[in-house]
Amino acid sequence: MKILITGGNGMLAREVREKFSKENEIIVTDVEELDITDENAVLEFIKDLKPEYIINCAAFTAVDKAEECFELADKINGDGPTNLAKAAKVVGAKLVHISTDYVFGGDLDVSKDYKEDDEKNPVTVYGITKLHGEQGIETNMDEYYIFRTAWLYGVGGNNFVKTMTKLGTTRDEINVVADQHGSPTYAKDLTEIIYQAIEKKIPYGVYDATNEGYTTWYEFTKEILNKQGIECKVNPVTTEEYIEMMKITQAKRPFNSQMSKSKLKENGINIPEWKDALDRYLEEEKQVNN
């Protein structure tokens, strides 16, 4: 099977390439090889390549920076997936796209979790532009998978686990937000979800896709440090307190990023629990660094 992966320099794209390259012909592009915001270039590239699947890992993910760069973020997150969808339909390819919990309002009571069809009410530029991308795909083709994920981390580049590990080993105490709820998601596990969906040929559509179980950034941090035997006091703070202490301006963060995986599970997709995922990630990091 011929598979085109966009966003080739990113953490998730590297995981997808590694997983799918064992059995398939893989073509990976970055922005220099394929600018997904250029509709004509995308169409010509896809028509020439004729892939069976396009897995779009390209995105503008800098949530705070997006507030000042709406046009650029919307081109990448909104126009890009739309262009890929149009071209995919022309050649009969299937499209896999990665979206986000930010398409929701993030203010749902934390006793509940978001389902795929719940009302969309993005309150950040990032969320608005990612929803634009989802709608562009849904409007222009039928054979697609949209996977909404959150709190993504993995080997390669910076991530929350690395940051907290570094802080925990260099400070006596750290302050971590305790009123934002979600599911830490290991990039390798998200890749496995994508792989299972394609292999099992589950129904096309939108799926919430994170590791199983819910936590807070505060509890996640304690788990990160405990699993590595790092002694550091972790203080729970509210989002408001954190912003005041750090003297920062940032886009609004969702208080509830919890998304139900019931739709994936109903289709036979195996989803590991977030603590198990963290164990495997830390082991992988050890192997990479040794």
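The rows are residues; the columns are (1) closer than 29 Å to E219 by Cβ; (2) open to solvent by 10 Å² or more (accessible area, probe 1.4 Å); (3) outside any helix (DSSP H, G or I).
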| residue | (1), (2), (3) |
| --- | --- |
| D118 | yes, yes, yes |
| V123 | yes, yes, yes |
| G127 | yes, no, no |
| K130 | yes, no, no |
| Q135 | no, yes, no |
| E138 | no, yes, no |
| G156 | yes, yes, yes |
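Where the second residue is open to solvent by 40 Å² or more (accessible area, probe 1.4 Å) and hydrophobic (A, V, I, L, M, F, W, C) and the first is closer than 14 Å to K94 by Cβ and lies in region 48-63, which pairs have Cβ atoms under 6 Å and are six or more apart or on separate chains?
What qualifies is K50/V91; E52/M1.
Within region 1-26, how many residues are in a helix (DSSP H, G or I) and either aromatic (F, W, Y) or open to solvent by 80 Å² or more (accessible area, probe 1.4 Å) (or both)?
Qualifying residue count, region 1-26: 4.
Is it true that I198 is under 20 Å from the mean Cα position of the chain (by Cα), in a loop (DSSP other than H, G, I, E, B) and more than 20 Å from Y102 (Cα to Cα)?
So I198 does not fit the description; no.
Considering only region 95-115, how many residues are touching a Lys or Arg at 6+ places or on another chain (Cβ under 8 Å), buried (at least 19 other Cβ atoms within 10 Å of the Cβ) and not in a strand (DSSP E or B)?
Of the residues in that region, 5 qualify.
Say we look at region 242-275 and pick out the residues that are free of Cβ contacts under 8 Å to residues at least 24 places away in the same chain and part of a helix (DSSP H, G or I); which of these is nearest to D64 (Cα to Cα)?
I243
Scan (1) open to solvent by 40 Å² or more (accessible area, probe 1.4 Å); (2) touching a His at 6+ places or on another chain (Cβ under 6 Å) for the single condition E44 breaks and write down its number.
Unmet for E44, out of (1) open to solvent by 40 Å² or more (accessible area, probe 1.4 Å); (2) touching a His at 6+ places or on another chain (Cβ under 6 Å): (2).
The values are calculated or read from the model by the stated rules, or taken from the named source; none is laboratory data. Since we're looking at a predicted model, the values are computed, not measured. We place every Cβ from the backbone using ideal geometry, glycine too, and count neighbours over all the protein chains shown. Protein only, heavy atoms only, side chains kept; ligands, DNA and RNA dropped before computing areas. Shrake-Rupley method; radii C 1.70, N 1.55, O 1.52, S 1.80 Å.
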